[in-house]
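Asker: Below you'll find the structure I mean.
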Amino acid sequence: PLAAAERNFTLNFTITNLMFTADLATPNSKKFKSTEKVMSHYVDPLLQRSSIGPAYTGCKVMAFRSKKNRDDTGVDAICSYRDEPSAPKFNRETIYHELSNMTNGITTLGHYSLNSQSLHVDG
């Protein structure tokens, strides 16, 4: 049988209680790596509980960006899932609504606060 194709979608959101610092812009810095770990720790369980849960294979933070004069930090991640006949179909609107519900209307992610207008899911 053919191996399932891996498909990607982008996930973007802004954290309002994480000051952006220069080392967050450096993918190999300790700060980048530790913050990326925390993101996975919070984001993975949400996507595992979402409609694509069984097919979800993980997210990787591509970049952290400065927002609102460095008061906020934007997160750009690429997430993957297996696209196979038996797997749930990816629907970006469904995922958006599920993530919105699981983050109290896009306001909380673990100990982080989110900008409620900042979530984007793009398949």
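Asker: When the residues of the range 1-28 are filtered to those that are more than 20 Å from Gln117 (Cα to Cα) and in contact with a strand residue (DSSP E or B) (Cβ under 7 Å, 6 or more places away or on another chain), which remaining residue is surrounded by the fewest Cβ atoms within 10 Å (Cβ to Cβ)? Before you say what the answer is, go through the steps one by one.
Answerer: The first filter runs over the range 1-28 and keeps only residues more than 20 Å from Gln117 (Cα to Cα), leaving 1-8, 21-28.
Now restrict to residues that are in contact with a strand residue (DSSP E or B) (Cβ under 7 Å, 6 or more places away or on another chain): 4-8, 24-25.
Details: Ala4: 15, Ala5: 9, Glu6: 12, Arg7: 16, Asn8: 14, Leu24: 23, Ala25: 15.
The qualifying residue surrounded by the fewest Cβ atoms within 10 Å (Cβ to Cβ) is Ala5.
Asker: Can you find a residue that is open to solvent by less than 40 Å² (accessible area, probe 1.4 Å), in contact with a Lys or Arg (Cβ under 9 Å, 6 or more places away or on another chain), among the small types (Gly, Ala, Ser) and farther than 20 Å from Ser118 by Cα anywhere in the range 67-74?
Answerer: no
Asker: Let me ask something else about it. Considering only residues that are surrounded by fewer than 16 Cβ atoms within 10 Å (Cβ to Cβ) and in contact with a strand residue (DSSP E or B) (Cβ under 8 Å, 6 or more places away or on another chain), which ones fall in the range 52-64?
Answerer: If the condition is that a residue be surrounded by fewer than 16 Cβ atoms within 10 Å (Cβ to Cβ) and in contact with a strand residue (DSSP E or B) (Cβ under 8 Å, 6 or more places away or on another chain), then Thr57, Gly58, Lys60, Met62, Ala63 are the ones that fit.
Asker: Let me ask something else about it. What are the residues in the range 73-94 that are out of contact with any Leu (no Cβ under 7 Å at 6 or more places or on another chain) and closer than 30 Å to Thr21 by Cβ, if any?
Answerer: Those that are out of contact with any Leu (no Cβ under 7 Å at 6 or more places or on another chain) and closer than 30 Å to Thr21 by Cβ: Gly74, Val75, Asp76, Ile78, Ser80.
Asker: Looking at the range 29-51, is at least one residue surrounded by fewer than 16 Cβ atoms within 10 Å (Cβ to Cβ) and more than 22 Å from His111 (Cβ to Cβ)?
Answerer: There is no residue in the range 29-51 that is surrounded by fewer than 16 Cβ atoms within 10 Å (Cβ to Cβ) and more than 22 Å from His111 (Cβ to Cβ).
Asker: Okay, moving on. In the range 97-115, what residues are of a type outside the set (Val, Ile, Thr) and over 14 Å from Val43 (Cβ atoms)?
Answerer: The answer is His97, Asn101, Asn104, Gly105, Ser113, Asn115.
The values are calculated or read from the model by the stated rules, or taken from the named source; none is laboratory data. Remember, predicted model here, so these are calculated numbers, not experimental data. So basically every Cβ, Gly included, is an ideal-geometry build from the backbone, and we count neighbours across all protein chains shown. The protein model used for the area step is the full one, side chains on, heavy atoms only, and it has no ligands, DNA or RNA in it. Shrake-Rupley method; radii C 1.70, N 1.55, O 1.52, S 1.80 Å.
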